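Have a look at the structure below, then the notes.
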Amino acid sequence: MPGAAAAGSEKEAFRRLEAKRFTASDVPGCRIASRMLLLLLLLRTTIIEHLYGLAAIGVLQCAVLESLALLACHHPRWYARHRHWLLTLGLAQLSLTIHLLTIRGGMNIFALAGGSPALLLFWLSVGNSSLYTAICSMNSHLRVAWSCWALPALGLLAVRRSDQLCTQLARAPGTSEALDQLYCMLALLHGLPMPLLAHLSLHVLPESRKCHAVNTWTTFMLGVVVPLLIQAYWEKARWRAYWQQHWRQQAAAAAEPAGGNPAAAALAAAATEEEAPSGEAWHALMSSGQRWPIELLLCSSLVWCLSILTQA
């Protein structure tokens, strides 16, 4: 029980250290994001498209980001306690803002794909905000235990807006063939690791349903699975580095009362090493770094099959 209590206290100390460290990094992150968005609104939405109401909605998002930066700068303790909620709500509003800029903007971004399936996939990840969600969530280093429910919730909100996004995509010239090619490429790729489920992709779906399936896969794969896996590896590595530093400090403290006796110091260090906690419960589920491409492909295949099932 004392060992478990010590392990729990170390986990709490690690979480507090993480919150303090990333609270400081949130200040420049929020300000950079705010000013990049403001520049986009000024150059495109205001000067070129003359959509002042839409620009005002975007400026509101900039104000939210600047407010988060001010809170993190001037009230770091309060911000650190509520950091996960604040950033998650900020991501939800950012996703909605990107959606409005995509749907109501004067330019159809899907026309920029030029008939290329790869470019269509890129612009789809921009339009459904999964690209921004992935970048912001990884940059903010939200805890994996929090992201496991926060990112899927954000993904569900984005998928509920698929109808407008797919309507916008269908209006762009040259996207029909590109969407067909993209759908076939994804079906072939994900049919390889899961041949028993590959027949799901063979359903004859109408154009709009194909768009919904690809959009759902993009939203959850790029906006949920990829950042979650990357955050998990990063967080586990940070925990391991934190514990190694803590263990070295404990070993050095244990060696002092040994009076220079090497055998006693070695025993004290070994005893300290044995008390090392395993970290979070999900750490045991993480495999070695050599297997992550296989895990990523299997996760992607599962997400693809679920995306098809929702449209079949």
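Of all lysines in the structure, those lying under 28 Å Cα to Cα from K20, and not within fewer than 8 positions of it along the same chain, are K11, K236.
Between the beta carbons of W85 and Q181, assuming R0 = 30 Å, the FRET efficiency works out to 0.15 to the nearest 0.05.
The overall shape of the range 47-197, judged from the alpha-carbon gyration tensor, is oblate: a/c is not under 1.5, and a/b is no greater than b/c. Within the range 35-104, none of the trypsin sites (Lys or Arg not before Pro) combine a DSSP coil assignment with at most 10 other C-beta atoms in a 10 angstrom radius. Among residues other than A213 with Cβ under 14 Å from its Cβ, the summed charge is -1 (Lys and Arg +1, Asp and Glu -1). Stretching the chain fully between L298 and R77 yields a gain of 75.5 nm (0.36 nm per residue, less the alpha carbon separation). In whole Å, what is the distance between the alpha-carbon centres of the range 25-69 and the range 123-183? If we compute the Cα centre of each part, the gap is 20 Å.
Here, each number is a calculation from the coordinates, and none is a lab measurement. The structure displayed is predicted, hence computed values, not measured ones. FYI the Cβ positions are ideal-geometry reconstructions off the backbone, even for glycines, and counts take in every protein chain you see.
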